[in-house]
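Okay, so here's the structure we're looking at.
What follows draws every value from the coordinates through simple rules; no lab data is involved. A quick note: this is a predicted structure, and the numbers were derived from the prediction, not measured. Ideal geometry is used to build each Cβ from the backbone, glycine not excepted, and the neighbour counts take in all protein chains shown.
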Amino acid sequence: MTERTTLEIIAPTVEEALAQGLAQLGLPAHAVSVEVLDAGNKGLFGLGGRQVRVRLIVNPPPGSTPASPPAPEKPKAPRQPKTASPASGPEKEAAPVKPPALGEMHDPILDATEATISKLLFYMGMQAQVSAHYGEPRDDRHPIMVDIRGSDLAVLIGRHGETLNAFQYIASLMVGKETQEFIQLIVDVEGHRDRRERQLRQLARRMAEQVIKSGRKLTLEPMSAAERRIIHMELREHPAVMTQSTGEEPHRKIVILLKDS
């Protein structure tokens, strides 16, 4: 298969990057596909912003066999960590975790969650305060929301929360083993998850506007399934654009395109 020509451009906006790239390639807009590698950032009060970075991919010549369009992403069931079963006796399905009755001062599940995560952080060389409470029910289960507060915790978050997701999974296994119940943990550090969700929603709306202005589809950088879901949900009711997912994990991406394209 013939390798397709690509060109990466850095510019203040996607439109400027597209214009510069087309000028360098000497091609019209319909002859290339655009992939957004970095959506950029305006910075605080316009200072310290980061420019956008896009990749232009020259489309195959007319008459060649076009690639199949990416199929819409199917919703995946949340990954449920397995709890360790007792050494003796048959394995039993764990009952859903329920919050304590009103007036109950302490809950053993929450106490075990806070103690286990605090110990895990200690062994990682981190000092932080850990608090846990029951969240809103999901699928007849009450997830346990864990909030970690402290200083120098950026390393626990990682790029786009990848380290935090891995920590959350390991903590779920440890708490499940300690309590002998299935535990669904949602771990957050200094409100990172709420901030990241707001950023992704803003990104989705901004990229949708770019698609409408340029008339061309845009491909976002690879994201986790949870982050892709936020983009899908944000643009689900959009009157002009739609979203699709393409690629294989862990490099699966979202494509935003016009509904009539």
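What to note about this one:
- Charge dipole (the range 140-261, unit charges on Cβ, about Cα centre) - positive-most of 174, 225, 192: 225
- Within the shell of other residues whose beta carbon sits under 15 angstrom from the beta carbon of residue 118, the net charge comes to -2, with Lys and Arg scored +1 and Asp and Glu -1.
- At R0 = 45 Å, FRET efficiency that the Cβ-Cβ distance of residue 212 and residue 249 yields, to 0.05: 0.95
- Computed from point charges on the beta carbon alone (+1 for Lys and Arg, -1 for Asp and Glu), the dipole magnitude for the range 108-190 about its Cα centre is near 200 Debye.
- Projecting the Cα atoms of 154, 112, 132 onto the dipole axis of the range 108-190, where Lys and Arg carry +1 and Asp and Glu carry -1 at the beta carbon, places 154 farthest toward the positive end.
- Annotation: the antiparallel percentage among DSSP beta bridges lying fully within the range 108-190 is about 60.
- Were the residues from residue 30 through residue 226 laid out at 0.36 nm apart, the gain over their Cα-Cα distance would be 67.3 nm.
- Sorting 33, 131 by the number of Cβ atoms found within 10 Å of their own Cβ, with the fewest placed first, yields 131, 33.
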